[in-house]
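A.B. asks: First the structure, which I've put down as structure tokens, then a few questions once you've had a look.
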Amino acid sequence: MTNVPRHLVMIAPTANIECDSRVIHMINAFCDEGSKVSIVCPPQRGPSEDLAGLLHESATMCDVPFNLPEGECYDLTEYLGGSINSRMRQWRSQLVRAGVRREFDEPIGKLPMHLRKPFLGAADKLFEHILKRRKEAAENQRYWQHFLSYQLPPALYRKYESLIQLDCYNYFYFIKTLMLNKFVEPVDAVYCNDLWSLPAGCLIKELLAITLFYDSHEIGTATISDPVNSALAAQNEKWMYRLCDSFITVNDSCAEYYMKLCSFLEPVVIPNAHRFPVIYPPDALKLKQRLGLAADSHLAVYVGSLSPFSHLDRFIEAISHSTSNLHFAIVGADGELEQLKALATDLKLLDKKVFFLGRCNFQEVLSLIYGADFGIIPNIQKHANPWIISSSKLFDYVQAEMPFISDLGPEIQKILDAYPVGKAVDFQTNPASIAGLLDEFTRQVVSKQFSKVDLRKAKHDLTWSDNAIHSICAPRQVFQA
């Protein structure tokens, strides 16, 4: 495939790449086609060795902390045109002295004169040490913004001055990509995973004249909570989309939205599915066995965020109203984990009817949930973009060959119309009513209303096409301005 990039930089803003199956599948798919992929992202929350086990050998993680070493800054300024000038040095000195150094100078100034000199000498050493360790985002952002104003062509700086601040890491994505381009291997493509990081990708494209791929997982402007940033993104998104050489999204509804917004777009639809059907070994341990549950007990499972948006508290409370001996296992971490555990404890359900299985990477999820009776997709109607949601949970449940019950959503209903492997209901109700919906669905699952044939067909059909990367890399005249 001649259009596949030799060295692709993927800008992946999430600090939980190991849990994002779409990002990992995309990285590995490009590597399988011969690309070297450098992943530029914030420091990851999970162990690096766990993530390394999920990635192709041609993929490399490049974490970007807030405090890039000073030596790299000098290398970068030389790369962008000339060594750092005296004006820049003077400005940085003023910035630092006004902030960090004042913490030392002020108390030392209150000492008697004969004590100030030795303390100032010690403070100088401590100051230099702390200066290298400071990670405050605001200070670094001011520094890099001023840095860019001296190093970018004036017209390009004015174009991106405000926009690049949509994500606080954008300066570092940009800088790290240029360093990779100079010191590792020339970059011939950059790949952005959301609207927050797209400005960095656009700037890299314009500066290096390389290919830009953009993967819109949802409607970005609707999910930016800050009204100033949301307005800024809405004002600029169309011209950024025009810079994209390929525009990827997750389903037909999302593609239709973007084609109405920008008539020049021709989105490539790559679903939030897995690349290949998952094959379980014959002796795979089932979740009921892991939890010590009786074979005739009933078990529902949830995979995903524990944020307030999911309203898992209503589902935990619903278990206390259930009449079908239903148990509930939750795979996820952070968010409202402690509040949800406290609720389960108060209801005397914790580790009896409700189980918290913690955080795990996307491959471990598929092994962990195997053998549950059905999956739950709890809250779609209250999402910022309810009409385009085709939850990645759905594809996890399908790969585990289990039916699922979901809140109402058009894209999920399309899948259920094509594959009778679950049911969409109205979950916007109270816990007692949710319990009734879950009990009825449990009876349908136990009575085998969802056949193994349909589940296995969905498992094999709802995966990526073989030519996914070819579709992304195919040249498109429509994107030329």
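A.B. asks: Suppose we keep only residues that are in contact with an Asp or Glu (Cβ under 7 Å, 6 or more places away or on another chain) and not in a loop (DSSP other than H, G, I, E, B) within region 27-43. Which one would you say is farthest from ALA189 (Cα to Cα)?
C.D. replies: CYS41
A.B. asks: Now for a different question. Return the pair list, or none, for Cβ contacts closer than 9 Å from residues in region 435-456 that are closer than 16 Å to VAL421 by Cβ to residues that are in a helix (DSSP H, G or I) and not hydrophobic (A, V, I, L, M, F, W, C), at least 6 apart or on different chains.
C.D. replies: Within 9 Å, the pairs are GLN449/ARG443; PHE450/GLN444.
A.B. asks: Being crowded, with 21+ Cβ neighbours inside 10 Å and of a type in the set (A, V, I, L, M) narrows it down to one of ALA209, ALA255, ALA222, ALA233, so name that one.
C.D. replies: Residue meeting the stated conditions: ALA233.
A.B. asks: Considering region 180-206 alone, what residues qualify as being crowded, with 24+ Cβ neighbours inside 10 Å and assigned to a loop (DSSP other than H, G, I, E, B)?
C.D. replies: ASN193, LEU195, SER197
A.B. asks: A follow-up question, please. Do we find that ALA432 is surrounded by fewer than 21 Cβ atoms within 10 Å (Cβ to Cβ), touching a residue at least 60 places away in the same chain (Cβ under 8 Å) and not assigned by TED's automatic domain parsing to the domain that holds PHE328 in this structure?
C.D. replies: So ALA432 fails the test.
A.B. asks: May I pose another question? Taking the conditions exactly as written (at pLDDT 80 or above, under 26 Å from the mean Cα position of the chain (by Cα), surrounded by fewer than 21 Cβ atoms within 10 Å (Cβ to Cβ) and over 18 Å from ILE210 (Cα atoms)), does GLU161 satisfy them or not?
C.D. replies: Yes.
A.B. asks: What do you reckon, is LYS414 in a helix (DSSP H, G or I), of a type in the set (D, E, K, R) and surrounded by fewer than 18 Cβ atoms within 10 Å (Cβ to Cβ)?
C.D. replies: It is true that LYS414 is in a helix (DSSP H, G or I), of a type in the set (D, E, K, R) and surrounded by fewer than 18 Cβ atoms within 10 Å (Cβ to Cβ).
A.B. asks: Taking the condition modelled with pLDDT under 95, more than 18 Å from SER390 (Cα to Cα) and acidic (Asp, Glu), does GLU266 pass?
C.D. replies: Here the answer is yes, as GLU266 does meet what is asked.
A.B. asks: Kindly indicate whether any position in region 418-427 is at pLDDT 95 or above, in a loop (DSSP other than H, G, I, E, B) and surrounded by fewer than 14 Cβ atoms within 10 Å (Cβ to Cβ).
C.D. replies: Within region 418-427, one or more residues are at pLDDT 95 or above, in a loop (DSSP other than H, G, I, E, B) and surrounded by fewer than 14 Cβ atoms within 10 Å (Cβ to Cβ).
A.B. asks: Next question. Check LYS423, LYS459, LYS393 and return the single one that is under 25 Å from the mean Cα position of the chain (by Cα) and within 25 Å of HIS321 (Cβ to Cβ).
C.D. replies: Within the list LYS423, LYS459, LYS393, the selection yields LYS393.
A.B. asks: Taking into account only those residues within region 239-281 that are assigned to a helix (DSSP H, G or I) and of a type in the set (A, V, I, L, M, F, W, C), which is nearest to ALA468 (Cα to Cα)?
C.D. replies: ALA255
A.B. asks: With a cut-off of at least 3 residues that are within 22 Å of ALA273 (Cα to Cα), name the helices (runs of 4 or more DSSP H) lying wholly within region 306-400.
C.D. replies: Counting at least 3 such residues, we get 362-369, 392-399.
A.B. asks: Could you check GLU317 against (1) at pLDDT 95 or above; (2) acidic (Asp, Glu); (3) under 21 Å from SER21 (Cα atoms) and say which number it fails?
C.D. replies: The one condition GLU317 does not meet is (3).
A.B. asks: Considering only region 288-314, how many residues are more than 23 Å from the chain's Cα centre (by Cα) and over 20 Å from VAL365 (Cα atoms)?
C.D. replies: 6
A.B. asks: So, one more: State yes or no: is ILE472 crowded, with 17+ Cβ neighbours inside 10 Å and assigned to a loop (DSSP other than H, G, I, E, B)?
C.D. replies: no
A.B. asks: Taking VAL250 as the residue in question, decide whether it is assigned by TED's automatic domain parsing to the domain that holds ASP215 and β-branched (Val, Ile, Thr).
C.D. replies: Judged against the criteria, VAL250 is a match.
A.B. asks: Here's something else I'd like to know. What residue, among those in region 401-410 that are part of a strand (DSSP E or B) and not β-branched (Val, Ile, Thr), is nearest to LEU285 (Cα to Cα)?
C.D. replies: PHE404
A.B. asks: What residue, among those in region 47-65 that are part of a loop (DSSP other than H, G, I, E, B) and touching a Pro at 6+ places or on another chain (Cβ under 8 Å), is surrounded by the fewest Cβ atoms within 10 Å (Cβ to Cβ)?
C.D. replies: PRO65
A.B. asks: If you don't mind, there's one more thing I want to ask. Assess whether VAL354 counts as being surrounded by 22 or more Cβ atoms within 10 Å (Cβ to Cβ) and either among the polar types (S, T, N, Q) or in contact with a strand residue (DSSP E or B) (Cβ under 7 Å, 6 or more places away or on another chain) (or both).
C.D. replies: Judged against the criteria, VAL354 is a match.
A.B. asks: Same structure again: Determine if region 358-375 includes at least one residue that is more than 29 Å from the chain's Cα centre (by Cα) and over 20 Å from HIS217 (Cβ atoms).
C.D. replies: Within region 358-375, none of the residues are more than 29 Å from the chain's Cα centre (by Cα) and over 20 Å from HIS217 (Cβ atoms).
The values are calculated or read from the model by the stated rules, or taken from the named source; none is laboratory data. The model shown is predicted, which means the values in this text are computed figures rather than measured ones. With ideal geometry, Cβ positions are generated from the backbone for all residues, glycine too; neighbour counts draw on all protein chains shown.
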